[in-house]
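All remarks here apply to the structure that follows.
The values are calculated or read from the model by the stated rules, or taken from the named source; none is laboratory data. These figures come from a predicted structure and were not determined experimentally. Cβ sites come from the backbone with ideal geometry, for glycine too, and all protein chains shown count toward neighbours.
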Amino acid sequence: METHSQILAKRNPNECPNCLKTGVMPFYRVSDIPVHSVLLMRSLELAKSYPRRNLELAHCPHCGFIFNAVFDPTVHEYSTSCEESQGFSPTFNEFSRSLAKRWVETYGLTGKTVLEIGCGKGEFLTQLVEYGAGSGIGIDPAFIPERLETPVSDRLRFIQDLYSESYSHLTADVICCRHTLEHIGPTHQLLSMIRQNIGDRKDTLLLFELPDVYRVLKEPAFWDIYYEHCSYFTAGSLARLFRLTGFDILELELEYDDQYIVIAAKPSNGNDQSPLPAEDDLALVAQEVDQFPSRFKEARKKWLSLLGKWKAASKKVALWGGGSKAVSFLTTLKLENHIDFVIDINPHKQGKFIPGTGHPVRGPASLPDDPPDCVILMNPIYQGEVKDMLDGMGLHPEITCA
Ligand SMILES: [Zn+2]
């Protein structure tokens, strides 16, 4: 395996890994953040001593791509201890199910073979097959077979590995990839490899879903920037990547309260396709990138002042959501004593500790015995779900959405 310095030395620091043109510009830097934020720690000591690296976002003026220019891919240990699954939230589950159903119906996937790159624990692939897809092959180093319970298990196959050229023999009608491309540094290289693996099977359909960075820049939702995510797309930069590597775009939409981009594509038939309206975002993205540093400073000031006020009033403060957003919020703002604990509904996260800051993660059931005065909700989309749960326990803390 190549070392980080070998990888960096080989890469032209000025080159965009998405369109391969030169002239990228750094615009945002966070130092010493944990290299993993979905890997929760078993002890406070492990959490506090977890490896850290810097993040430096750079923007490509040619394709609008944003990426961590000092990303070190050698630090990641994508394994079965990754707890990236959002499948414990009813809201996310409902979205995931409706997307699976829509894809099966819109693209006629009944009876078709689906290959999912980065299938995680396999929940989505299972849903596709439950809704009618013929069979599924999932590839992910973090797959855990024991966790999967479904009546369609005989139509599913999983490979515990990273996708590579060595899987070109796996033929499928559909290549699906959700919340994975943002973890890949050389995005142009990956899409080129997929195109090459498809060969002359030009009917192969690509269905991808990943976070949209435009909203992150605009809000600014700085907690959506963290180490595992080295690649940040807008609808335009994603479409440009697909076109550059030999695909035509069939669909380009924002979903889940505009948090995710959904793209459908097919190998290009050689005829020039005119760009979709959603692709025309180069100037807008450049403008948001320009404004992001000052917006972040403002947001940081606002949060530190609110948290300082709560601390002065001896309020007990909890973060709701123990995922990457919470880790990034805590470590970007370098918060230690301002937050008492983190709440998460995923039982696999409870009893563990946030890497970097060491905050304990508890389940909602512990709240009646030790209720927080203030709750910061990391994802406003779960507001209804969280409020119902708190009301059900007779708890009424002040809820602030990140
Ligand atoms: Zn570029």
Only one of (1) farther than 18 Å from T204 by Cβ; (2) in contact with a helix residue (DSSP H, G or I) (Cβ under 9 Å, 6 or more places away or on another chain) is not met by A133, so which one is it?
-> (1)
Could you list all residues from the range 307-335 that are surrounded by fewer than 16 Cβ atoms within 10 Å (Cβ to Cβ) and out of contact with any Cys (no Cβ under 9 Å at 6 or more places or on another chain)?
-> G308, K309, K311, A312, A313, S314, K334
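A quick yes/no check of all residues on (1) surrounded by fewer than 16 Cβ atoms within 10 Å (Cβ to Cβ); (2) under 30 Å from S294 (Cα atoms); (3) modelled with pLDDT of 95 or more:
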{"position": "E146", "(1), (2), (3)": "yes, no, no"}
{"position": "P151", "(1), (2), (3)": "yes, no, no"}
{"position": "E165", "(1), (2), (3)": "yes, no, no"}
{"position": "S168", "(1), (2), (3)": "yes, no, no"}
{"position": "L191", "(1), (2), (3)": "no, no, yes"}
{"position": "L205", "(1), (2), (3)": "no, no, yes"}
{"position": "L210", "(1), (2), (3)": "no, yes, yes"}
{"position": "W223", "(1), (2), (3)": "no, yes, yes"}
{"position": "Y232", "(1), (2), (3)": "no, yes, yes"}
Filter the range 47-64 for residues that are closer than 13 Å to V35 by Cα and among the aliphatic types (A, V, I, L, M); which is nearest to the ligand (Cβ to nearest atom)?
-> L55
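So, P17, is that one at negative phi, surrounded by 23 or more Cβ atoms within 10 Å (Cβ to Cβ) and over 18 Å from the mean Cα position of the chain (by Cα) or not? It would help to see each step written out before you state the result.
Numbers: at negative phi: yes; surrounded by 23 or more Cβ atoms within 10 Å (Cβ to Cβ): yes; over 18 Å from the mean Cα position of the chain (by Cα): yes.
So P17 passes the test.
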Answer with yes or no whether F67 is at pLDDT below 95 and within 16 Å of the ligand (Cβ to nearest atom).
-> no
Collect the residues in the range 136-186 that are among the acidic types (D, E), within 21 Å of the chain's Cα centre (by Cα) and under 21 Å from F92 (Cβ atoms), keeping them in residue-number order.
-> D140, E182
Select from the range 346-386 the residues that are part of a helix (DSSP H, G or I) and out of contact with any strand residue (DSSP E or B) (no Cβ under 7 Å at 6 or more places or on another chain) and write down the one among them that is farthest from E45 (Cα to Cα).
-> G384
Within the range 256-278, track down each residue that is buried (at least 20 other Cβ atoms within 10 Å of the Cβ) and closer than 30 Å to A402 by Cα.
-> I261, V262, I263
Residues in the range 34-64 that are crowded, with 16+ Cβ neighbours inside 10 Å, aliphatic (A, V, I, L, M) and modelled with pLDDT under 95: how many?
-> 6
Number of positions in the range 136-160 that are out of contact with any helix residue (DSSP H, G or I) (no Cβ under 6 Å at 6 or more places or on another chain), closer than 22 Å to T110 by Cα and assigned to a loop (DSSP other than H, G, I, E, B) = 3
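Take F95 and tell me if it is at pLDDT 95 or above and not in a loop (DSSP other than H, G, I, E, B). Full working, then the answer.
On the way: at pLDDT 95 or above: no; not in a loop (DSSP other than H, G, I, E, B): yes.
Considered against the rule, which asks whether it is at pLDDT 95 or above and not in a loop (DSSP other than H, G, I, E, B), F95 comes out as no.
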Taking the range 287-342 and keeping residues at positive phi and either modelled with pLDDT of 95 or more or not in a loop (DSSP other than H, G, I, E, B) (or both) leaves S314
Per the list (1) surrounded by 16 or more Cβ atoms within 10 Å (Cβ to Cβ); (2) under 17 Å from S37 (Cβ atoms); (3) of a type outside the set (A, V, I, L, M, F, W, C), residue check on H348 breaks on (1)
Residue pairs qualifying under the 6 Å Cβ cut-off, at least six apart or on distinct chains, with the first in the range 107-118 being within 9 Å of L205 (Cβ to Cβ) and the second being basic (K, R) and outside any loop (DSSP other than H, G, I, E, B), are none
Close pairs from the range 249-262: first over 18 Å from P220 (Cα atoms), partner crowded, with 18+ Cβ neighbours inside 10 Å and aromatic (F, W, Y), Cβ under 8 Å, at least 6 apart | I249/F242; E255/F95; V262/F208
Any idea which residue in the range 1-33 is nearest to V285 (Cα to Cα), counting only those that are within 16 Å of the ligand (Cβ to nearest atom) and at pLDDT below 85?
-> P13
